[in-house]
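Report on one structure; see the data block that follows.
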Amino acid sequence: MAYPYGTSARDERVMFVIERKTPVRYARNTVSTYEFALQERFLDWCLTAYHREDLFSLADRFLTLDAEADSLFYVWGHSYEFDMYDDWGRFEEFCQKIAGKPDIQYVTN
């Protein structure tokens, strides 16, 4: 689930109701951490970065990570924004930079 405007994620009451009254077990907010650690609170999932932020510097950091634990590079955004901001080429360049690495699993949600 994605919280509307990302703001509800900080409301403990909302998370309490979701956890106890719905089948939802994962919800993302819109907080960018610029980090690659796995999250502890699945109903308040913070993300690595918004697709319009500096993904290339983050990709460089991620690709040279000497991780002893699992890591996650989680990019969020909305497909209509690629048209709105004319970002398709930029995002494709990012995807090419990070694609095809044998030690990375590529997933979607």
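What follows is calculated from the coordinates using simple rules that are stated; it is not laboratory data. None of the values given here were measured: they were computed from a predicted structure. FYI the Cβ positions are ideal-geometry reconstructions off the backbone, even for glycines, and counts take in every protein chain you see.
Only residues that are of a type in the set (A, V, I, L, M) and out of contact with any Phe, Trp or Tyr (no Cβ under 7 Å at 6 or more places or on another chain) were counted in the stretch 70-97, giving 2.
Results for (1) touching a residue at least 12 places away in the same chain (Cβ under 8 Å); (2) under 15 Å from residue 2 (Cα atoms); (3) touching a helix residue (DSSP H, G or I) at 6+ places or on another chain (Cβ under 6 Å); (4) not aliphatic (A, V, I, L, M), shown as yes or no for each residue.
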{"site": "22", "(1), (2), (3), (4)": "no, yes, no, yes"}
{"site": "34", "(1), (2), (3), (4)": "yes, no, no, yes"}
{"site": "37", "(1), (2), (3), (4)": "yes, no, no, no"}
{"site": "43", "(1), (2), (3), (4)": "yes, yes, yes, no"}
{"site": "46", "(1), (2), (3), (4)": "yes, yes, no, yes"}
{"site": "50", "(1), (2), (3), (4)": "yes, yes, no, yes"}
{"site": "58", "(1), (2), (3), (4)": "yes, no, no, no"}
{"site": "69", "(1), (2), (3), (4)": "yes, no, no, no"}
{"site": "78", "(1), (2), (3), (4)": "no, yes, no, yes"}
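Of the residues making up the stretch 37-45, not a single one is closer than 22 Å to residue 84 by Cα and among the basic types (Lys, Arg). Please enumerate the residues belonging to the stretch 1-51 that are β-branched (Val, Ile, Thr) and within 12 Å of residue 74 (Cβ to Cβ). Across the stretch 1-51, the qualifying residues are 30, 31, 33, 48. So, residue 72, is that one surrounded by 17 or more Cβ atoms within 10 Å (Cβ to Cβ), within 22 Å of residue 31 (Cβ to Cβ) and not acidic (Asp, Glu) or not? Answer is no for this residue.
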